[in-house]
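Following: one structure in structure tokens, then a few remarks.
All of the numbers you see were taken from the coordinates with simple rules; none came from a lab. Note that this is a predicted model, so its numbers are computed, not measured. Here the Cβ is made from the backbone with ideal geometry for all residues, glycine too, and neighbour counts use every protein chain on show.
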Amino acid sequence: MVELHVPTPLQEATRILALAEGNGYRAFEVIERQLSVLVLRTQVMLSLSGIVITVTGFSGRAIAQTSDLARISISAGILVVLAAAVVAITGVLRLHWLTQELGPDLLSTLVRGLAIRDAKSRSLRRSLLLFTVGVSLYCFAIAQLLLAARPGA
């Protein structure tokens, strides 16, 4: 079994600075790009959430009429998907400029930028977990609709 060593923020900042060959601006850009990736992935998840919510508006009533279990599943699913969107918006898309974190020295600035990245990453992970649970409940409700359909009817 391979043991993964997760570097401390200071170790990672030092490695990023070395990767950037000591160029502080390039090191800063590395962290900026990582934050951009988080925002992009969050936007994709929010788009998928919007699709789930929109589809529910069109087919939710038919699904909910299938059974009590389907009604509970679709209702819980849509609420959990909404919770995922809220976590993503408040945890990842909350606007905060990385330049506001400029510290007295480059290493402390990079460490602070990494702390922001890590906090946003945790929020995205929580959001994706919620989204997965919500969509699973939603799909379970749809499966009930499909199973209740009479062949040839």
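A few notes on this one:
- Loop exposure criterion: GluC sites (Glu not before Pro), DSSP state outside H, G, I, E and B, at most 13 other Cβ atoms within 10 Å. Applied to the chain, the longest stretch between such sites is 22-153.
- Approximating the spin labels as points 7 Å out from Cα along Cα→Cβ, the Ala20-to-Leu146 distance works out to 4.9 nm.
- Counting only Cβ charges, +1 for Lys and Arg and -1 for Asp and Glu, the dipole size of the chain around its Cα centre is about 520 debye.
- Cα shape, segment 1-53, gyration tensor, a/c 1.5 rule: oblate
- Rounded tilt (10° steps) of 9-19 against the dominant C-alpha axis of the chain: 70
- Distance between segment 74-120 and segment 31-64 - C-alpha centres, whole angstrom: 17
- Simple rule: put +1 on each Lys or Arg Cβ and -1 on each Asp or Glu Cβ in the chain, find the dipole, and look at Ser123, Ala18, Ser59; the Cα lying farthest toward the positive end is Ser59.
- Taking each residue as 0.36 nm, the span from Thr90 to Leu40 lengthens on full extension beyond its C-alpha to C-alpha distance by 16.5 nm.
- Rh (Kirkwood; distinct C-alpha pairs) - the chain, Å: 18.0
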